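Where a number appears in this text, it was derived from the coordinates with a stated rule and is not lab data. Remember, it's a predicted structure, so these values are computed and weren't measured experimentally. Here the Cβ positions follow ideal geometry from the backbone for every residue, glycine too, while neighbour counts run over all protein chains shown.
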Amino acid sequence: MPTPPPSAGPAGRSRTGRARSEQARQDILAAALELARRDLGTTTVDSIAHRAGVGKQTIYRWWPSKWAIILEALLEHAERDITAGTDSGPLAERLATFLASTFAQLAGPDSDGPLLRALMAHAQQNPAFAVAWRDLLILPRRRALLELMSEGRNEDREAAVDLLFGGMWYRLLVEHGPLDHAYAHRLATAAAALLKA
């Protein structure tokens, strides 16, 4: 994952340097997402650098691979507050809102579902990337979902999170059924029932 841009010398240049570095970073992330959505197979660090108008050395200063860039680009693009709209109401409704918001980013022709599947596959083959994948994407979402579940014993809450995300990942990877509102509600109802059992 990226390291912060190095601090510049004098204060006047420092602000400009940081602004340029942040602009370059945003350009790289936007280029990576655009190219990967179009054709992940032909997306390379070279093509990202060319599209962003930066040198490869700029990219390698912040990221070790195209996969790391794409992961960060997806995280930047994803809804920042993943628990929006889940602070009140019955548990099943709050869980369904969380899932429906997540599913909306993964389903449909212009979604990031295909990229997420590719990143998941890459994580299975690359241990270093798997750590970043888990720490930056998977675990924060698990924690957010656990926080929504104040009811139930801790082991039941863990099982409910596995039920919710397991159902999501199974449909995302196998594509045997839609990730839609109806499925979000069915999963949420099952998880809420597990916590009340």
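Which of the residues belonging to region 160-197 are among the hydrophobic types (A, V, I, L, M, F, W, C) and either assigned to a loop (DSSP other than H, G, I, E, B) or within 20 Å of Gly108 (Cα to Cα) (or both)?
Those that are among the hydrophobic types (A, V, I, L, M, F, W, C) and either assigned to a loop (DSSP other than H, G, I, E, B) or within 20 Å of Gly108 (Cα to Cα) (or both): Leu164, Phe165, Met168, Trp169, Leu172, Leu173, Val174, Leu179, Ala182, Ala184, Leu187, Ala197.
Conditions: (1) farther than 19 Å from Pro114 by Cβ; (2) surrounded by fewer than 16 Cβ atoms within 10 Å (Cβ to Cβ); (3) within 19 Å of the chain's Cα centre (by Cα); (4) not small (Gly, Ala, Ser). Leu164 meets all but one. Number of the miss?
So the condition that Leu164 fails would be (2).
Condition check ((1) touching a His at 6+ places or on another chain (Cβ under 9 Å); (2) of a type in the set (Lys, Arg); (3) more than 18 Å from Ala191 (Cα to Cα)) across all residues:
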residue: Pro64; (1), (2), (3): no, no, yes
residue: Phe98; (1), (2), (3): no, no, no
residue: Thr102; (1), (2), (3): no, no, no
residue: Asp112; (1), (2), (3): yes, no, yes
residue: Arg117; (1), (2), (3): no, yes, yes
residue: Gln125; (1), (2), (3): no, no, yes
residue: Ala130; (1), (2), (3): yes, no, yes
residue: Leu146; (1), (2), (3): no, no, no
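Does region 129-157 hold any residues that are closer than 18 Å to Thr102 by Cβ, free of Cβ contacts under 8 Å to residues at least 60 places away in the same chain and either in contact with a helix residue (DSSP H, G or I) (Cβ under 7 Å, 6 or more places away or on another chain) or charged (D, E, K, R) (or both), and which are they? Quick ask: steps written out before the conclusion?
Within region 129-157, the first condition is being closer than 18 Å to Thr102 by Cβ, and the residues that meet it are 133-134, 136-149, 157.
After this cut, where a residue has to be free of Cβ contacts under 8 Å to residues at least 60 places away in the same chain as well, the list is 134, 138-143, 145-146, 149, 157.
Residues satisfying the conditions are Arg134, Arg141, Arg142, Arg143, Leu145, Leu146, Met149, Arg157.
List every residue pair whose Cβ atoms sit under 7 Å apart, with the two residues 6 or more apart in sequence or on different chains, where the first one lies in region 114-127 and is basic (Lys, Arg) and the second, anywhere, is surrounded by 14 or more Cβ atoms within 10 Å (Cβ to Cβ).
Arg117/Leu172
Answer yes or no as to whether Leu173 is under 19 Å from Ile70 (Cα atoms) and either among the basic types (Lys, Arg) or surrounded by fewer than 12 Cβ atoms within 10 Å (Cβ to Cβ) (or both).
Values: under 19 Å from Ile70 (Cα atoms): yes; either among the basic types (Lys, Arg) or surrounded by fewer than 12 Cβ atoms within 10 Å (Cβ to Cβ) (or both): no.
Taking the combined requirement at face value, the residue does not satisfy it.
Would you mention how many residues in region 116-147 are farther than 30 Å from Thr43 by Cα and either of a type in the set (Gly, Ala, Ser) or surrounded by 18 or more Cβ atoms within 10 Å (Cβ to Cβ) (or both)?
2
In this structure, does Ser111 turn out to be of a type in the set (S, T, N, Q), within 30 Å of Trp63 (Cα to Cα) and not in a helix (DSSP H, G or I)? It would help to see each step written out before you state the result.
Details: of a type in the set (S, T, N, Q): yes; within 30 Å of Trp63 (Cα to Cα): yes; not in a helix (DSSP H, G or I): yes.
So Ser111 passes the test.
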